[in-house]
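Throughout, read-outs are computed from the coordinates displayed, never taken from laboratory work. Note that this is a predicted model, so its numbers are computed, not measured. Heads up, the Cβs are rebuilt from the backbone with ideal geometry, glycines too, and the neighbour counts pull from every protein chain shown.
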Amino acid sequence: MATVRWTPQDCAGLGDITPTRNGSLSTSDSYVFANNGWVVLLAEKSGAGVATYTVPTPKTQGGLALGELTGTIAATTGDKIIGPFEVSLTNDGNGDASISFDDIAGLTVAVVRVP
């Protein structure tokens, strides 16, 4: 399993951006990105299968491990905004959050940070 770093695009002020979408994903990879609590993922799915995503929660509460955050992206017409990601729940010791997917056919993801 490889760890792939995604760099968030900044959406500043009243301007707009054209999101750069990451494709050619792998189900065996984990995707990490710097997270300040104002990052969202824009996911589009054109492939035939439903994609389940998993966001690890490396923190504990009262000594108990927190469950991972999961959700789905619909097949063929899936369009989902994932996040923002709560820093205290999803960030690791380096200030990064991560996500993985179980079906990547036709899946693209943009990483956007809003001020």
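Here are some notes:
- Ranked by the mean number of other Cβ atoms within 10 Å per residue, highest first, peptides 11-17, 25-31, 40-46 order as 40-46, 25-31, 11-17.
- Sequence-separation-based contact order of the chain, relative, with Cα cut under 8 Å and 6+ spacing, percent: 42
- Dipole magnitude (debye, nearest 20) for segment 50-115, charges at Cβ of Lys, Arg, Asp, Glu: 140
- Under the criterion of Cα pairs below 8 Å and six or more residues apart, the relative contact order for segment 28-74 equals 35 percent.
- Efficiency of FRET between residue 88 and residue 24 - r from beta-carbon atoms, R0 30 angstrom, step 0.05: 0.40
- Cβ-Cβ FRET estimate between residue 48 and residue 70, R0 fixed at 25 Å, reported to 0.05: 0.75
- Size of electric dipole in the chain: Cβ of Lys, Arg +1 and of Asp, Glu -1, about Cα centre, debye, nearest 20: 60
- Take the Cα of residue 14, step 7 Å toward its Cβ, do the same at residue 38, and the gap between the two points is 1.7 nm.
- All alpha carbon pair distances within the chain were sorted into 5 Å bins beginning at 0; the resulting P(r) in whole percents reads 2, 12, 22, 24, 19, 12, 6, 2, 0.
- Note on residue 96 and residue 80: the model spin-label points, each 7 Å out from Cα along the C-beta direction, lie 2.2 nm apart.
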